[in-house]
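Below: one structure, written as structure tokens.
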Amino acid sequence: MSVLLLQFLYILFPTCGFCILFKVPTKQFPACILTGAFSWTSYQILLYCEASAILACFIAACLVGFLSDICSRIFKEAATIFIIPGILCLVPGAGMYRTMLSLLQHDMDGFAANATTTLSMAGAIAVGLLITGSLLRVVLSVIRKLPHLH
């Protein structure tokens with residue numbers, strides 16, 4: 001459990017760096033940083049519970065999408081401001097490196113395995129954000145159409 005707490009604290013720094021890099025308004029820094037930290041921590045918890053890396057990426061991306069939508073409504077900003085720093089810690093950079101290394105070393109079996117996992121993780125991130133955004137819009141549309149809420 002202390003390892004997860006340390007990872008939560010450590011991921012705050014690179015997420016803050018991404019906020020600076022992408023010129024996030026200072027007022028939104030805490031929300032962006034916490035979105036990234038919660039997504040990474042959820043990813044690590046799922047890996048600890050022996051979920052696949054692809055499923056863990058998908059669920060963490062869904063969490064980023066959900067938290068970003070909430071933050072965008074609170075701060076009246078575009079959700080993208082919160083999504084980009086929050087999702088970058090999930091990008092499978094090490095997998096991309098291993099994929100290219102296997103290719104350069106002419107290890108086609110390793111290349112195929114690494115490429116499949118890496119592309120699946122990247123796809124899971126994209127699908128997680130897409131599904132979350134779509135579901136939130138459908139739910140909000142249905143809620144707005146309910147007669148007793150007008």
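The values are calculated or read from the model by the stated rules, or taken from the named source; none is laboratory data. Values in this document were obtained by computation on a predicted structure and should not be read as measured data. Virtual Cβ from ideal backbone geometry, glycine too; neighbours counted across all protein chains shown. Only protein heavy atoms, including side chains, enter the accessible area calculation; ligands, DNA and RNA are left aside. Shrake-Rupley method; radii C 1.70, N 1.55, O 1.52, S 1.80 Å.
Can R98 be described as among the basic types (K, R), buried (at least 18 other Cβ atoms within 10 Å of the Cβ) and part of a helix (DSSP H, G or I)?
Numbers: among the basic types (K, R): yes; buried (at least 18 other Cβ atoms within 10 Å of the Cβ): yes; part of a helix (DSSP H, G or I): yes.
Against the criterion (among the basic types (K, R), buried (at least 18 other Cβ atoms within 10 Å of the Cβ) and part of a helix (DSSP H, G or I)), R98 qualifies.
Which members of the stretch 42-74 meet the condition of being of a type in the set (D, E, K, R) and without any contact (Cβ under 8 Å) to a residue 12 or more places away in the chain?
Matches in the stretch 42-74: E50, R73.
So P25 fits all but one of (1) over 23 Å from G123 (Cα atoms); (2) out of contact with any helix residue (DSSP H, G or I) (no Cβ under 8 Å at 6 or more places or on another chain); (3) not polar (S, T, N, Q); what number is the exception?
Every listed condition holds for P25 apart from (2).
Of all residues being more than 17 Å from the chain's Cα centre (by Cα) and under 25 Å from T118 (Cα atoms) in the stretch 22-55, which is least open to solvent (accessible area, probe 1.4 Å)? Just the residue, please.
C49
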